[in-house]
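One structure is given here, and the rest of the page talks about it.
The values are calculated or read from the model by the stated rules, or taken from the named source; none is laboratory data. Everything quoted here is computed from the prediction, not taken from an experiment. In this analysis, Cβ positions are derived from the backbone assuming ideal geometry, glycine residues included, and neighbour counts consider all displayed protein chains. Note: areas computed on protein heavy atoms with side chains; ligands, DNA, RNA excluded. Shrake-Rupley method; radii C 1.70, N 1.55, O 1.52, S 1.80 Å.
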There are 2 protein chains.
Amino acid sequence: MNAAAPNIADSVGAVTPVDVHFDAPLRLKSGATMPQYDLRYETYGTLNAQRSNAILVCHALNASHHVAGWYASDPRDIGWWDNLIGPGKPVDTNRFFVVGVNNLGGCHGSTGPASVNPATGRPWGADFPVVTVDDWVEAQARLATHLGIERFAAVIGGSLGAMQALQWTMTYPDRVGLALVSAGAPKLSAQNIAFNEVARQAITTDPDFHGGNYYEHGVVPRRGLRLARMLGHITYLSDDAMAEKFGRELRGGEFKFGFDVEFEIESYLRYQGDKFSTYFDANTYLRITKALDYFDPAFEHGGNLSAALKGARSRYLVVSFTSDWRFSPARSREIVKALLDNRLNVTYAEIDAPHGHDAFLMDDPRYHALIRATMESLPQ
Amino acid sequence: MNAAAPNIADSVGAVTPVDVHFDAPLRLKSGATMPQYDLRYETYGTLNAQRSNAILVCHALNASHHVAGWYASDPRDIGWWDNLIGPGKPVDTNRFFVVGVNNLGGCHGSTGPASVNPATGRPWGADFPVVTVDDWVEAQARLATHLGIERFAAVIGGSLGAMQALQWTMTYPDRVGLALVSAGAPKLSAQNIAFNEVARQAITTDPDFHGGNYYEHGVVPRRGLRLARMLGHITYLSDDAMAEKFGRELRGGEFKFGFDVEFEIESYLRYQGDKFSTYFDANTYLRITKALDYFDPAFEHGGNLSAALKGARSRYLVVSFTSDWRFSPARSREIVKALLDNRLNVTYAEIDAPHGHDAFLMDDPRYHALIRATMESLPQ
C-alpha cells in the first residue's frame, strides 16, 4: 500500500487477484478442520513449460497476496514487495513466475474470521480456528498443486514470511529449490511474545470486541486494533531509524503541556494506528500473532533446531539486519547454525542497515544485489 | 511493594508517612499555578545538628515516598528501595537522614488529579495541570526548606528519579552535595516517547476514561491502565532477563491453540497489569509519562547539554546498566560527557547487569558497593 506513483517501466503492471475454492477439508495443527476455504492469490510472469520457474512469496503480518504491480481500479495500491519483484528487478518476472497468496485466516480475500461459516450462515468470528505456519504451508502447497507447480524454484519471505519459507523446506523438502529467510527467527523470544500479548489484550479488552463476534454487532474493535498497530510500529523500526525520522521534533515548535499531539512521533503513530484500524480485521490480527507465537519447529525435537531440519534439502539464503531488534541477527544465526549442522547449502548475510525490522522491505542495494545474484544462480 | 517478609535486623523498621500542606501557590513550568497542595513524605534516620546529613530520594514512575521500612498496618508493604537504604546499608540511616516524597500529581498521598480541587469541590481530574521534573524539584525544595534542610548531602534516584537528581543540580547547584544519576537519560528518545504515547492512548481511549473525569462516573479506565503497565514491564526488563525468567515456558506444558494464557510471560504480564490497575491513578500515569517526555534540560540551550549544566557544582555518580535498553549506557554517557565538559567531579560506572532498566532497583553487589563507597566518602 505504497502511496508513490507506479513506475511503469519495471513494474509487472496492472494485476488482478484470483480466488480459488478448495473443497477438500484441511486438518489444522490445532486439531480443528476447515471444511472448505478460498484462497486469494496473484501471479506475475509466466510459468514455463517445465513448470520449474515458480517462486512463492509468503507474507508477514500486515500484507497479502498483492505483492507487486497495482490495481487498475487504484493505481496507487502498489504491491508490498514491488521494489523487489518485476521485470528486470532482483526477482525478475521476465524469468520467474511469481505467486503471492493471502494466508488462510487473513482479511484480504482468503477465508478468514470475517468470512461466512457455511455451518451457521454467519461470520466465523470467534469460532474461526487458530491457524499456524504449518497450516499456511499446507494450504499454500494445495494452491501450488492447483497451479500445476510441483516444486518451487524458491519460496521467499521476510519476518513471519521467512518462517513460512523455512517451514516449507521442512514440510516439503523436495518442493523447494531455495528458501529466502529474511529477518526471520526460529521461534519468538519471550519479549516477542510479550509484545504480541499486549496487542492481543488491547484488542480483546476493547468493549467493541464482543468476544470476537463484533461483526454481528455492527462494530469493530478499532481502539484495540489502533493500539496494536501503534505498538507494532515501534517494534518494526529501530531506535536509530525513529530518531532520524522523528527525533524529538515538536509538532508546534514548542511544548504545549497538554495531551494533544506534541512530538512528531506521536502524530505518526496515531496516523498509522487510525489507518490500520479502518481496514484490518481484529480476529485476523489475533490469529496471526498466535501463529507467530506458536512457530517453533524445534519444539517437537526437544528444542533442537538442527534435529528439526534433519530432512531439509533446499538451498538457503538467510539475511538479517543489524538494527533489527525484533528478530536480531543473533536469531538468524541460530537458523544458520542449524542449517550448517545439517551440511546444507546456506549463504548468510548480515546487512548493516539502519531501518530495523522493516529493512527486509526496503530497497537496500546490498540486500537486493544479493537476492538478484541468488535468483540468477537458480537452475531452471 | 515487595512481598518478602521484612528483615528486621537492617531495616529502618515500621515507618509512618507525614503530610505537609503548602499554602503558597506554586507556579508550574506550563504556566499553570497550583494554588495550594499537600506533599506526603517519609524520613528515616536523624537529621544532625548541622542539618548536613540529609539525602533526598526521588521516585520513578511507579513508586512513592515509601522508600524503606514497612508499615505497622501491613508489614509486607516494604519500601521500594529498602535493599539500599537502612542501618548499615549502602545508604546508611545510622549516618544519614533520608527523605522520600511522593511527587506532586501523584496518587500516593500528595495532591494529584484524584484530589479535590478547592475551586470546584470536585476531583481535579482532567483539570489537574501537567507537571514537569522542574516542578517536582521546586516542590521538593520547598519540602526541604520546611524540614530545615538548606543543602542535601545527596539527591539520589533511578530512571525518572535520576532526571530529578540531575535537575536538582541545575536548579539548585548549591543545595546538592552529590547527585546519584542511576539508569538515567538526558532526555527521552523518539522510541521512549513512542512507548509512552501508546500507553497514554491506551488510557485515554478506554471508554471509562471519560476525558479524565472518570471519578465522577464511579469508574476507572482499568483496561487502559492494565495495557500501559503491561507495556511498561516489557521495557523495564531486558530481552535476556525475560528469556531467563520466562523463556517460552508453557503454562500447561503443551500448546492449547486458543486465546487463554499459553506462555508464562503472558500470565506474568496480565497479573502485573491487573494488579497495577487496581491501585494506580490513570491521570497520574498520564502526567508522569508527560513529565518524562518533557524532560530535556538542553532544550533551552539549543540542544547543548553541556551549556545547560554550566552552573552545576555538585559531585556526580552516574550509573548505567549494560542490558538497559530503555535508557541505555549510551544515554548515561551523554550526561557524563556534558559533566566533564564542565570539569565537574563525576564517577561513571557501567555495570554489566542482565536485568535491564529495572537493574537500578536490584541488589547488585557491585552497584551497591559503589553507592556505599560514594556515600561513605561524603563530607559531613
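Listed conditions (1) open to solvent by 60 Å² or more (accessible area, probe 1.4 Å); (2) over 22 Å from the mean Cα position of the chain (by Cα); (3) within 14 Å of chain B (Cβ to nearest Cβ) are all met by residue A:9, apart from (3).
What pairs can you find where one residue is in region B:162-188 and more than 21 Å from residue B:373 (Cα to Cα) and touching a residue at least 12 places away in the same chain (Cβ under 8 Å), the other is open to solvent by less than 10 Å² (accessible area, probe 1.4 Å) and acidic (Asp, Glu), and their Cβ atoms are less than 7 Å apart, with a gap of 6+ or different chains? If the second residue must be open to solvent by less than 10 Å² (accessible area, probe 1.4 Å) and acidic (Asp, Glu), the pairs left are B:188/B:293. Per the listing B:223, B:248, B:287, the residue uniquely part of a helix (DSSP H, G or I), at the interface with another protein chain (Cβ under 7 Å from one of its Cβ atoms) and either within 24 Å of the chain's Cα centre (by Cα) or not β-branched (Val, Ile, Thr) (or both) is B:223. Applying the set (1) within 27 Å of residue A:241 (Cβ to Cβ); (2) outside any helix (DSSP H, G or I) to residue B:230 leaves exactly one unmet item: (2).
Selection of region A:297-326 for residues being over 19 Å from residue A:133 (Cα atoms) and touching a His at 6+ places or on another chain (Cβ under 8 Å) yields A:321, A:323, A:324, A:325. Every residue in region A:350-380 that is open to solvent by 20 Å² or more (accessible area, probe 1.4 Å) and among the aliphatic types (A, V, I, L, M), please. Correct list: A:361, A:362, A:369, A:370, A:373. Every listed requirement among (1) out of contact with any Gly (no Cβ under 9 Å at 6 or more places or on another chain); (2) closer than 26 Å to residue B:51 by Cβ; (3) open to solvent by 40 Å² or more (accessible area, probe 1.4 Å) is met by residue B:149 save one, (3). Those residues that are of a type outside the set (Gly, Ala, Ser) and more than 7 Å from chain B (Cβ to nearest Cβ), I need them from region A:251-261; list them, please. Result: A:251, A:254, A:256, A:260, A:261.
Taking the criterion of being under 22 Å from residue A:27 (Cβ atoms) and open to solvent by less than 10 Å² (accessible area, probe 1.4 Å), the residues of region A:161-172 that qualify are A:163, A:164, A:166, A:168, A:169.
Restricting attention to region B:95-116, the residues that are in contact with a His (Cβ under 8 Å, 6 or more places away or on another chain) and part of a loop (DSSP other than H, G, I, E, B) add up to 5.
The number of residues in region A:226-242 being of a type in the set (Gly, Ala, Ser) and either more than 30 Å from residue A:353 (Cα to Cα) or more than 18 Å from the chain's Cα centre (by Cα) (or both) comes to 2.
When B:317, B:339 are screened for being among the aliphatic types (A, V, I, L, M) and under 18 Å from residue B:171 (Cβ atoms), only B:339 passes. Flag: residue A:46 does not match the condition of being within 14 Å of another protein chain (Cβ to nearest Cβ) and either surrounded by fewer than 15 Cβ atoms within 10 Å (Cβ to Cβ) or without any contact (Cβ under 8 Å) to a residue 12 or more places away in the chain (or both). Among the residues of region A:200-213, those that are surrounded by fewer than 24 Cβ atoms within 10 Å (Cβ to Cβ) and touching a residue at least 40 places away in the same chain (Cβ under 8 Å) comprise A:200, A:204, A:209, A:211, A:212, A:213. Going by the structure shown, is residue B:159 under 26 Å from residue B:332 (Cα atoms), at pLDDT 95 or above and away from chain A (no Cβ under 14 Å)? Considered against the rule, which asks whether it is under 26 Å from residue B:332 (Cα atoms), at pLDDT 95 or above and away from chain A (no Cβ under 14 Å), residue B:159 comes out as yes. Residue B:137 satisfies every condition listed in (1) open to solvent by less than 10 Å² (accessible area, probe 1.4 Å); (2) part of a loop (DSSP other than H, G, I, E, B); (3) among the β-branched types (Val, Ile, Thr) except (2).
Scanning region A:262-278 for residues that are open to solvent by less than 30 Å² (accessible area, probe 1.4 Å) and at the interface with another protein chain (Cβ under 10 Å from one of its Cβ atoms) gives A:262, A:263, A:265, A:266, A:267, A:269, A:273.
Among the residues of region B:298-324, the one identified as within 13 Å of another protein chain (Cβ to nearest Cβ) and touching a Leu at 6+ places or on another chain (Cβ under 8 Å) is B:298.
Output the number of residues of region A:177-219 satisfying the condition of being within 18 Å of the chain's Cα centre (by Cα), β-branched (Val, Ile, Thr) and either more than 14 Å from chain B (Cβ to nearest Cβ) or farther than 27 Å from residue A:333 by Cβ (or both). Total satisfying the criteria: 1.
Among the residues of region A:117-136, those identified as out of contact with any His (no Cβ under 9 Å at 6 or more places or on another chain) and within 14 Å of another protein chain (Cβ to nearest Cβ) are A:127, A:128, A:129, A:130, A:131, A:132, A:133, A:134, A:135. Looking at the structure I just gave you, is residue A:279 of a type in the set (Ser, Thr, Tyr) and farther than 21 Å from residue A:155 by Cβ? Yes.
Checking each residue in region A:226-241 for being within 7 Å of another protein chain (Cβ to nearest Cβ) and touching a Phe, Trp or Tyr at 6+ places or on another chain (Cβ under 9 Å) picks out A:230, A:231, A:234, A:239.
Could you say whether any residue in region A:77-94 is acidic (Asp, Glu), assigned to a loop (DSSP other than H, G, I, E, B), farther than 28 Å from residue A:374 by Cβ and modelled with pLDDT of 95 or more? Before the answer, list the steps.
Start the filter on region A:77-94 by keeping residues that are acidic (Asp, Glu), which leaves A:77, A:82, A:92.
Filter again for assigned to a loop (DSSP other than H, G, I, E, B), leaving A:77, A:82.
If we keep only those that are farther than 28 Å from residue A:374 by Cβ too, we end up with A:77.
Checking the rest, the ones that are also modelled with pLDDT of 95 or more come to A:77.
Yes, region A:77-94 contains at least one residue that is acidic (Asp, Glu), assigned to a loop (DSSP other than H, G, I, E, B), farther than 28 Å from residue A:374 by Cβ and modelled with pLDDT of 95 or more.
More than 26 Å from residue A:172 (Cα to Cα), more than 14 Å from every other protein chain (Cβ to nearest Cβ) and either touching a Leu at 6+ places or on another chain (Cβ under 7 Å) or surrounded by fewer than 24 Cβ atoms within 10 Å (Cβ to Cβ) (or both), is that true of residue A:110?
For residue A:110, the condition - more than 26 Å from residue A:172 (Cα to Cα), more than 14 Å from every other protein chain (Cβ to nearest Cβ) and either touching a Leu at 6+ places or on another chain (Cβ under 7 Å) or surrounded by fewer than 24 Cβ atoms within 10 Å (Cβ to Cβ) (or both) - is not met.
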